[in-house]
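The structure under discussion appears below in the form of structure tokens.
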Amino acid sequence: MFGANVFGVMQMCQVFLPELLAVKGTIINMGSIAGHLPIPFMSAYAASKAAVHAYSGSLRVELAPLGVKVIYVMTGNVKTNTVNQRNIIWRKRAFGTPSRINSTWNKRRRLPPA
């Protein structure tokens with residue numbers, strides 16, 4: 001998660017910095033509301049987006065005197081495969097397969113009332 005979301009962003013900025021300085025360009029980093037608000041079972045993703053936010057803020061201050069702008073775009077709820085896959089994986093870990101869910105439900109249903 002950090003490889004793509006954080007270290008990849010840092011590496012792209014470093015590689016293209018000479019060109020950005022020459023034309024006084026703009027860096028646009030994509031963030032997420034997950035980096036600012038806790039979202040259950042998305043802690044690694046949220047931490048990586050919080051890191052991009054912090055990196056963008058520092059980079060903005062460092063590059064402003066050199067004429068390079070840094071913009072951080074914070075997206076909200078966007079339906080992507082990443083989120084869908086995480087939800088599927090989480091459900092399977094938490095509840096198991098449909099047959100396991102049915103088996104557990106049937107066992108619990110037979111228990112005498114407390």
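At-a-glance table
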{"read-out": "Total residues in the stretch 6-37, condition modelled with pLDDT of 90 or more and part of a helix (DSSP H, G or I)", "value": "18"}
{"read-out": "Yes/no for residue 40 being over 18 Å from residue 3 (Cβ atoms) and assigned to a loop (DSSP other than H, G, I, E, B)", "value": "yes"}
{"read-out": "Residue ID - farthest from residue 66 (Cα to Cα), chosen from residues in the stretch 3-25 that are loosely packed, with under 12 Cβ neighbours inside 10 Å and more than 15 Å from the chain's Cα centre (by Cα)", "value": "11"}
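The values are calculated or read from the model by the stated rules, or taken from the named source; none is laboratory data. For clarity, every value in this text was computed on a predicted model and none was experimentally measured. Counting neighbours? That spans all protein chains shown, and the Cβs are built from the backbone with ideal geometry, glycine included.
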